[in-house]
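Notes for the one structure printed next.
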Amino acid sequence: WTGPVLSLNSGATIPQLGFGVFKVDPAETERIVSDALELGYRHIDTAAIYGNEEGVGRAIAASGIPREDLFITTKLWNDDQGTQSAHDAIDASLEKLGLDAVDLYLIHWPTPQRDLYRESWKAMQQIQADGKATSIGVSNFLVEHLENLLADGGTVPAVNQIELHPALQQREVVEFSRANGIQIESWGPLGQSKYPLFDEPSVTDAASAHDKTPAQVVLRWHLQNGIIVFPKSNSRARIAENLDLFDFELTDAEMAAITALERDGRVGSHPNDVN
Ligand code: NAD
């Protein structure tokens, strides 16, 4: 990986751009992830609930890429929160991925109604100590959930993976995470095609100015904000397009115009509503 990397509080580094596989059909996953690896991606973001860890594992095995050159993330699903169930879940994910360890293991949602995320976080720390995850983190955690984890002491999450795009910038949780050394990963970085980001003049103007597509401009906005991003696409042409972000730079004025698109435009679920 010759693109940018960021440092995690675990001491590891993470490629700032990766490939996400939410809603990638399990039957197609091996082919699509193989395409992504062939095109140059080295960071893959999956989750137990996506049902496609086996396909990711087959693509990794078939690629012949040395393990140390890859960064693989998976996530603990809500039903598996708790101590023993978390240990069983990581073992099941590693088996499906065909790996001895993942680079990053995340609690997928806080599910506050279950009230198990603090216990699960202790299990995550044991999973890391057991060598099954190099770094551990959380996803969809609001400030109140992070505060509860930090109050328990122990390991600080390496990342918080949250819905984030120009229409939903989550400034409070980003600021709190960063102040505590937690890197931000954005999911739905393109608004999952549900939010019309690609028609916004600030996006289309920058795209014309740099001879890039609106999607590339939005992804570049994430990168220049120091955010880790892993857009998803099933199309080889778009997978290639989403990797082609390193030969241009948005100006401060272009960045500011895109940042002005904030409008509380959540396209996914609110973390407190997911159980
Ligand atoms: P995304 O914002 O990456 O949007 C994907 C959509 O954008 C797809 O419909 C695709 O067709 C379209 N698209 C991709 N590239 C394009 C291009 N170049 N031009 C035009 N359209 C393009 O949303 P996502 O897939 O939900 O998020 C990315 C990744 O984040 C996921 O694959 C997954 O790994 C992760 N994720 C995590 C959570 C979580 O709760 N932690 C939730 C959702 C997604």
Specify whether the C-alpha gyration tensor of the chain places it in the rounded, prolate or oblate class, a ≥ b ≥ c being the square roots of the eigenvalues: rounded for a/c under 1.5, otherwise prolate if a/b is larger than b/c and oblate if not.
-> oblate
Highest mean first, what order results for 60-68, 37-45, 176-184 on Cβ atoms within 10 Å?
-> 37-45, 176-184, 60-68
Return the FRET efficiency for the residue pair S7, V143: r is the Cβ-Cβ distance, R0 is 25 Å, and the value is rounded to the nearest 0.05.
-> 0.65
Charges only on Cβ, +1 for Lys and Arg, -1 for Asp and Glu: so what's the dipole of the chain about the Cα centre, in debye to the nearest 20?
-> 100 debye
Add -39500 (n - 2.57) for each DSSP H run of 4 or more in the chain, then divide by its residues: what number comes out at 222 nm, to the nearest 500 deg cm²/dmol?
-> -11500 deg cm²/dmol
Given charges at Cβ of Lys, Arg, Asp, Glu: the chain dipole, positive-most of Q128, I60, A179 | I60
Accessible carbon and sulfur surface of segment 171-243 relative to its total accessible area, %, 1.4 Å = 49 percent
Per residue of segment 147-154, in order, report the coupling 6.51 cos²θ - 1.76 cosθ + 1.60 (Karplus, θ = phi - 60°) as ³J(HN,Hα) in whole Hz, putting x for Gly and Pro.
-> 4, 5, 5, 5, 5, 7, x, x
Tell me, what ³J(HN,Hα) does each residue in segment 35-43 have, in order and in whole Hz, if you take phi through Karplus 6.51 cos²θ - 1.76 cosθ + 1.60 with θ = phi - 60° and put x for Gly and Pro?
-> 4, 4, 5, 5, 6, x, 5, 10, 10
Relative to the longest principal axis of the C-alpha atoms of the chain, give the angle of the C-alpha long axis of helix 201-210, reported between 0 and 90° and rounded to the nearest 10°.
-> 80 degrees
With r as the distance between the Cβ atoms of F246 and E38 and R0 = 22 Å, compute the FRET efficiency 1/(1 + (r/R0)^6) and round to 0.05.
-> 0.80
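Over segment 181-238, what number does the Rg to Rh ratio reach, with both radii from the alpha-carbon atoms and Rh per Kirkwood?
On the Cα set of segment 181-238, Rg over Rh gives 0.98.
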Förster radius 35 Å - calculated FRET efficiency between D264 and A209, Cβ distance, rounded to 0.05 = 0.80
When DSSP beta bridges are limited to those with both residues in the chain, what percentage is antiparallel, rounded to the nearest 5?
-> 15 percent
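The values are calculated or read from the model by the stated rules, or taken from the named source; none is laboratory data. Here the structure is a predicted model, which is why all the values come from computation and not from measurement. Here Cβ is always computed from backbone atoms with ideal geometry, including for glycine, and neighbour counts include all displayed protein chains. All accessible areas refer to the heavy atoms of the entire protein, side chains included, with ligands and DNA or RNA removed. Shrake-Rupley method; radii C 1.70, N 1.55, O 1.52, S 1.80 Å.
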